[in-house]
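Take a look at the structure set out below.
The values are calculated or read from the model by the stated rules, or taken from the named source; none is laboratory data. Just so it is clear, the model here is predicted, and its values are computed rather than measured. Because the Cβ atoms are built from the backbone with ideal geometry, glycine has one as well, and the counts that use them run over all protein chains shown.
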Amino acid sequence: MIPNLPDFRYFSVAAVLLVIAGLLGQAFAQSANASPFGEPVKNVILVHGAWAEGADSWSKVIPLLEAKGLNVVAVHLPLTSMADDVASVKRAIALEDGPILLVGHSYGGSVITEAGNDPEVVGLVYVAAFAPDVGQSVTSLSATVAAPPLAAQVRPDAFGFLKITKTGIYDDFAQELPSAEKAILFAAQVPTNVNSLGGKISAAAGAASPHGTSSPETTVRFRQR
């Protein structure tokens, strides 16, 4: 089944940087209580959405965050199933030393909700992202709203993977990017399995993080320790 996908438009780099900068400021302020190590939060793990990969999603954000002295890792999700995608993020978490902020865009929000159940994770940042509860998935949440134009441009194959047409990439997925970048995204898009979008949350990390802030496009949750 192809879900009634919401608008997976590429987000504004400026907006993302503004939000993350503000949230990191809160994280630094709360780090003495939020971190079991009593040290500032310097590690940021970025998790992309469906049909994308870490480099094309965050390439303009990573250098600016690193310039502020942050240790940044952009995970590459296989997009083969929710379990596989969560495992990729958990491997990245295991390699870091110290408290971590997880940042998810679009489908990546669902992934960090499940992967964020780790003592090293002190906050979750949802950038125009799904934030499902236990038992919910991207597919089930999408079914509660009207289908956007992009939904009509998603094509399934015989193996359960979904791919976006050229029209969908150019007009609905990355419509604000230059034509040359749209062409690259279309050629390099990563087909996404229905088992990723349909994967249900078994333990929602965000539910244990009631303290935070939000805006029309972002939600941030910090763990209380």
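For Ala94, the conditions (1) more than 15 Å from the chain's Cα centre (by Cα); (2) at pLDDT below 95 all hold with the exception of (2).
Looking across segment 68-89, just one residue is among the charged types (D, E, K, R), more than 14 Å from the chain's Cα centre (by Cα) and not in a loop (DSSP other than H, G, I, E, B), and that is Asp84.
Output the residues belonging to segment 170-207 that are among the β-branched types (Val, Ile, Thr) and out of contact with any Ser or Thr (no Cβ under 8 Å at 6 or more places or on another chain). Steps first, please.
Taking segment 170-207 and keeping what is among the β-branched types (Val, Ile, Thr), we get 184, 190, 192, 194, 201.
Residues satisfying the conditions are Ile184, Val190, Thr192.
Taken across segment 8-20, residues that are more than 28 Å from Thr139 (Cα to Cα) and either at pLDDT 95 or above or not in a helix (DSSP H, G or I) (or both) do not occur at all.
A Cβ distance below 6 Å, combined with a sequence gap of six or more or placement on separate chains, defines the contacts here; from segment 133-159, residues that are without any contact (Cβ under 8 Å) to a residue 12 or more places away in the chain reach residues that are surrounded by 15 or more Cβ atoms within 10 Å (Cβ to Cβ) and of a type in the set (D, E, K, R) in the pairs Arg155/Lys163.
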